[in-house]
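Structure, as structure tokens:
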Amino acid sequence: MTDAKSQALLEFPEVRRRLAEHTSFAPSRRLAEALQPSSDPVLVKRWLDETDEARGLLSERPGVGVGGARDIGQWVERAARGGRLDAGNLLEVLVTLEAAGRLAQALGEERRPLLHALGREIQPLPALRGRLELSVDPSGELLDSASPALGGLRRQVRIVYERLRNRLEQLVHGGELGGALQEPIITLRNGRYVVPVRADARGRVKGIVHDQSGSGQTLFIEPLVAFELGNAWREAQLAVQAEEERILDELSTLVGGHAPALRQTLAALASFDLWAAKARLAGEMDAVRPEPPARHEVELLSARHPGLGGRVVPIDLHLGGEFSALVITGPNTGGKTVALRTLGLLSLMHQAGLHVPASVGSRLPVFPDVFADIGDEQSIAQSLSTFSGHLRSIVRIVEAVRPGCLVLLDELGAGTDPTEGSALAQSLLDHFIRAGALVAATTHYAELKTYAHNTPAARNASVEFDLETLSPTYHLQIGLPGTSHAFAIAERLGLRLELVADARARLTRAQQEFESTLASIKDAQGKAAEAMERAARAEERAREAQREAELERARARRERDEAFMAAREEAERALARLRGEIRAAREMLGRETLTEARLDAIERQLDASVAALPGAHTSSSRPVPQTNPAVVWREGMRVRTRDGWEGTLASLDRGGARATVEAGPMRISVDTADLVDPSAPSTESDGGGMRSGTRRTRRPDAAELPVSGRRGDFGDSSGATTKRARADGNGEGKASPGARILPSSLDLRGARVEEAVEALDRYLDLAATSGAGRVTVVHGHGSGALRDAVRSLLAGHPLVREWRAGDRSEGGDGATIVSL
């Protein structure tokens, strides 16, 4: 994107300035200040990904950064050219390498791909870092450990210095110089230690004069007795200086040798700090990443101009799709220009890889360029009127616009004759629409309102104004034109009513009807909005009630499951007591100590234990197997199973040994021995006993079994049904004659997901209470939704031990085998 003038009009440089404030050192600050939007969708996506990853990292680990890094670019380049770095320069290189090492370690642990890749570009250079740590202290001075000789040379300087000071102290305080001294002190002149001697006593002190006072009364003399020690001290200093210079040259050469790696590391540090700055700016603005639209259109939700302070009213703005031109009208200071600036600035921010201050769900395309003509460009120096200034900008835009560009025009056609200005404005809007651009323009011209209403590719929009407070609300409404409210504002401000009425009368009839119609439409729209809001609140209340009902249902199911498990545990304890009594009786029989009285006592204990079982009844009679009288079964007869399901005998197979019974929408397969004539009297089991009488027939309950448009077949692949097995103390037992017959498979094909889940839940309850160990659920292949719902329920059901997909002989993935 190359239109720098539009970027300035839209205040993008101010966003760059705010971004630069969030950087931590000079290289990243320069990157922020040079940031430019791109028209390359691939590059824009990459930049947004960088901001996303940095924002995610800082939310998890706020302390990660380039803390301590310095702008060492100039020192690296100087060293690469063979120049010498001082100890302070080397210290900056050292702390930058330390910061690089910390960041490389943090990014090396990252799973976010861009951050991880950036971490690999950082080269902490441990060998160079270690050498610098041995050579430079935190204050920027060379350490004695910088070379093997430096420490010894510095010690020699200190030794010679102490000798020199001691000799001078003896001269000053030992009386050798008598009253020749101006003061008994030792001072430094031209790098040599001297004593202050009175000018009139010059002949009494042999030595070299290095300086004199301003009055000439004091001479600063280096005594000859200390001259040799002074020379020795100076020579030791020069030796240290030479060694330090040699070390600095050596370290500078080492830095210069690593110049390419240091440049790469510095660039990586700057890149990360820029990403982090974009992330921090996004957090400061409460910004989001816009979604890419399916087509070339803008959808901004609760968008806020980042340059506005105080309470900012967010706006919703849509442009593109069914219309490519938006004409915004309304009173002055109502927010028309702010809407244009917000759209333009957020588009530039998005294409610079920045998150935008808007709500989630906002969508922005990548524009080839963004053009803006906003503000008054009149210039006395250049003899430009307002109209001429606008027109020069528009001429530039007309020449540069191409398909897909965004064009923002403030007060289009203003500053000249209204008739000619509105005609020119309509012509320009037509041109931009034909050019394939998205254009938004503000205006006060009524002709442009009519143009937007009559042009299929254009839409009206307006900013609201509160006539009670005479202040704008800044809300943008798309679909209706706005009014200037000039007459209403004049009345509220106290203009005489007859003057306002006279002004209204001067409007043409068409203008009056237009304004009246517009007012009635806005009133109707307001009422419709209130109705929509009431409907939305009612819908939310309904959703909340549904959520509460679902929670209540889940609670009831949880309580039922808990009660079932408690009952099962109690039953297991009662059975354990029964088995204990049986074992004790067997032991007594083995010892031949079982008496009749003791047998009666054991029987009473067994009856008490049976009565204690959950759901048990106090009947002392034992079940008596019942047999059917010889009946010749034929297709079409009414029959009833021992479990009470009544229906029509649909077919006989296996030589008449098994029958298929249609019961409502269900089909079950049973042995013919389990069929009875529904008109004949029957017996019914009750707990452990049987009671005689006419049994009430029972049809399958639609709430228990799946109801669908097709018939459901219950039974395994062999047609066998599952009966409840009664176990004795040794494990396996035979089926109880009075046990309830349960189909070993449940066919859910054709049922809706909600019906199927409800039926499966009840079927599992029935299977568990019937003692079934394994059942088959047939759901078919289809879209997979029914299969997924079935297996989701099985995965969390308390009665299910495990489940698996059927093998080829069991129906493959169209069936699920359940172990209870």
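The values are calculated or read from the model by the stated rules, or taken from the named source; none is laboratory data. Keep in mind it's a predicted model, so treat the numbers as computed, not measured. With ideal geometry, Cβ positions are generated from the backbone for all residues, glycine too; neighbour counts draw on all protein chains shown. Heavy atoms of the whole protein, side chains included, go into the accessibility calculation; ligands, DNA and RNA do not. Shrake-Rupley method; radii C 1.70, N 1.55, O 1.52, S 1.80 Å.
What the table below lists for this structure:
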quantity: If the convex hull is drawn through the Cα atoms of segment 1-116, its volume per residue in Å³; calculated: 150
quantity: Net +/- balance of residues flanking Leu132 in space, Cβ distance below 14 Å, scoring K and R +1, D and E -1; calculated: -4
quantity: Whichever aspartates and glutamates have a C-alpha closer than 19 Å to that of Lys5, once near sequence neighbours (fewer than 8 apart) are set aside; calculated: Glu14, Glu33, Asp369, Asp373, Asp376, Glu377, Glu399, Asp410, Glu411
quantity: Computed P(r) (all Cα pairs; segment 79-170; 10 Å bins; percent); calculated: 15, 29, 24, 17, 8, 4, 2, 0
quantity: Efficiency of FRET between Asp813 and Arg392 - r from beta-carbon atoms, R0 51 angstrom, step 0.05; calculated: 0.10
quantity: Length gained when the stretch Arg295-Asp761 is fully extended (0.36 nm per residue, less Cα-Cα span); calculated: 163.2 nm
quantity: Computed lengthening from Ala554 to Ala535, 0.36 nm per intervening residue step minus Cα-Cα distance; calculated: 4.0 nm
quantity: Dmax and Rg, reported as Rg then Dmax, of segment 224-297 (C-alpha, Å); calculated: 28.5, 96
quantity: Mean Cβ count within 10 Å, highest first, over the residues of peptides 278-287, 765-774; calculated: 278-287, 765-774
quantity: Protection proxy ranking of 530-542, 188-200 - average other beta-carbon atoms within 10 Å, highest first; calculated: 188-200, 530-542
quantity: Rg/Rh ratio calculated on Cα atoms of segment 178-267 (Kirkwood radius); calculated: 1.38
quantity: Burial order of peptide ranges 267-275, 578-586 (average beta-carbon count within 10 Å, highest first); calculated: 267-275, 578-586
quantity: Local electrostatic count at Val205 - Lys and Arg +1, Asp and Glu -1, tallied over other residues with Cβ under 12 Å; calculated: +1
quantity: Efficiency of FRET from Cβ geometry, Lys527 and Ala501, R₀ 30 Å, rounded to 0.05; calculated: 0.55
quantity: For Trp75, solvent-accessible area (1.4 Å; no DNA, RNA or ligand), Å²; calculated: 40
quantity: Per-residue HN-Hα couplings for segment 560-576 [Karplus 6.51, -1.76, 1.60; θ = phi - 60°; Hz; x = Gly/Pro]; calculated: 4, 5, 5, 5, 4, 5, 5, 5, 5, 4, 5, 5, 5, 5, 5, 5, 4
quantity: Fully extended contour minus Cα-Cα distance, from Arg568 to Glu60, at 0.36 nm per residue; calculated: 178.1 nm
quantity: Fraction of accessible area attributable to carbon and sulfur, segment 162-214 (%, probe 1.4 Å); calculated: 43
quantity: Cα-based Rg / Dmax (Å) for segment 101-231; calculated: 27.2, 85
quantity: Karplus-derived HN-Hα couplings along segment 143-152 (A = 6.51, B = -1.76, C = 1.60, θ = phi - 60°), whole Hz, x at Gly and Pro; calculated: 7, 4, 7, 5, 8, x, 8, 4, x, x
quantity: Förster radius 41 Å - calculated FRET efficiency between His453 and Ser38 (Cβ-Cβ, nearest 0.05); calculated: 0.65
quantity: Shape of segment 335-450, Cα gyration tensor, a/c cut at 1.5; calculated: prolate
quantity: Solvent-accessible area, 1.4 Å probe, carbon plus sulfur percent, for segment 299-449; calculated: 54
quantity: Filter on Lys45/Lys336; Lys336/Lys449; Lys45/Lys278; Lys45/Lys449 - keep pairs with C-alpha separation over 26 Å; calculated: Lys45/Lys336; Lys45/Lys449
